[in-house]
Amino acid sequence: SDGTARIISTAIGVFSLAPPSSLSGLIVETEDDNVFVNTSREFTVRGYDKYFNPVEIDPSDVKWHVSGIDGEFEDSTLHPSSVGEGMVTARVGNISGSLNISSLSSPVELILSQKHLKLALGQSSALSAAGMNKNGYSAVIYPQDVKWSAKGNIGTVKEGSFTAKSSGTGYVQASVGDTNAYCAVSVGSVPVTSTDSFE
C-alpha cells in the first residue's frame, strides 16, 4: 500500500492446483453441539474430495442418523428424546462424516437475549434464548422450541419475535417445560413511520 514491497510480510497465500475429483469425505457441523432433550438442533454438512477441494452436496442425498441416544431426524434437524452422549452421522452413498453431541437434561434456568424491550407502536424485536441444566451445562435453544406468550395486551409474540400493538407495559414470557424467563416490555404511544425513532 506504500508503493514498495514490505520487508516483513503480512500475509501468505496458499493455492491448490489439484483438479476437482469425486466426493471423498464429509464434515458435519452445528451451531452448538449441546442440545437439551426434547428440543431440536439443526446440522449442516460439507463435502470435500481427496485433495480437500469442496464438493457440492445435494441436501436430498444426505441420510442422517443418531447413535448413543434416542432421537429422530426431520430433514437435517435432530429431536433428541433421551439424555446422554451421542453421535450424529451424515451419509452420502458410502461416504460418511460424524460429530459428537451431548443431549442435556431439561433446563432449570432460561436466559433471554434481552431483559427489557422499549418499542414504539408497530415496531418488532426478536428475542433468543439459551438455557442451563442442573449440572451447569448450557445450550442454545431455538425459538421454535420455546413457548412464547405476551402479557398485558400490548402486542403479540411468535417464535421469539414480539410486535408492539398497543401502548402500555407488560412482559414476554418464555417457557421450556416448567422453566420460565421474562422480558419486561414498554410500548410508546407514537406509531412508527419511516422517519420516526423512539428512545
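The values are calculated or read from the model by the stated rules, or taken from the named source; none is laboratory data. Just so we're clear, the structure is a prediction, and the values are computed from it rather than from any experiment. Glycine also receives a Cβ, built like all others from the backbone with ideal geometry; neighbour counts cover every protein chain displayed. Quick note on the areas: whole protein, heavy atoms, side chains included, nothing else; ligands and nucleic acids left out. Shrake-Rupley method; radii C 1.70, N 1.55, O 1.52, S 1.80 Å.
One residue stands out in the stretch 29-38 among those that are within 15 Å of the chain's Cα centre (by Cα) and in a loop (DSSP other than H, G, I, E, B): the one that is surrounded by the most Cβ atoms within 10 Å (Cβ to Cβ), namely D33. So if I check each of S82, S103, which one is under 17 Å from the mean Cα position of the chain (by Cα) and either in contact (Cβ under 8 Å) with a residue 12 or more places away in the chain or more than 17 Å from S40 (Cβ to Cβ) (or both)? Answer to the check: S103.
When N153, N100, N180, N133 are checked against the criterion of being of a type in the set (S, T, N, Q) and at pLDDT below 95, a single residue qualifies: N153. I need the full set of residues from the stretch 75-115 which are open to solvent by 70 Å² or more (accessible area, probe 1.4 Å) and more than 30 Å from N180 (Cα to Cα), in order please. Residues satisfying the conditions are R91, N94. Of the residues making up the stretch 1-28, those that are assigned to a strand (DSSP E or B) and exposed (fewer than 10 other Cβ atoms within 10 Å of the Cβ) number 0. Going through the stretch 90-115 one residue at a time, which ones are under 16 Å from N38 (Cβ atoms), touching an Asp or Glu at 6+ places or on another chain (Cβ under 9 Å) and in a strand (DSSP E or B)? Across the stretch 90-115, the qualifying residues are I101, S102, S103. Taking the criterion of being of a type in the set (S, T, N, Q) and either loosely packed, with under 15 Cβ neighbours inside 10 Å or assigned to a strand (DSSP E or B) (or both), the residues of the stretch 116-135 that qualify are S124, S125, N135.
Looking across the stretch 39-57, the residues that are more than 30 Å from P107 (Cα to Cα) and either in contact with a Cys (Cβ under 7 Å, 6 or more places away or on another chain) or open to solvent by less than 80 Å² (accessible area, probe 1.4 Å) (or both) come down to G47, Y48, D49, N53, V55, I57. Selection of the stretch 153-165 for residues being open to solvent by less than 50 Å² (accessible area, probe 1.4 Å), part of a loop (DSSP other than H, G, I, E, B) and under 16 Å from L121 (Cβ atoms) yields only I154.
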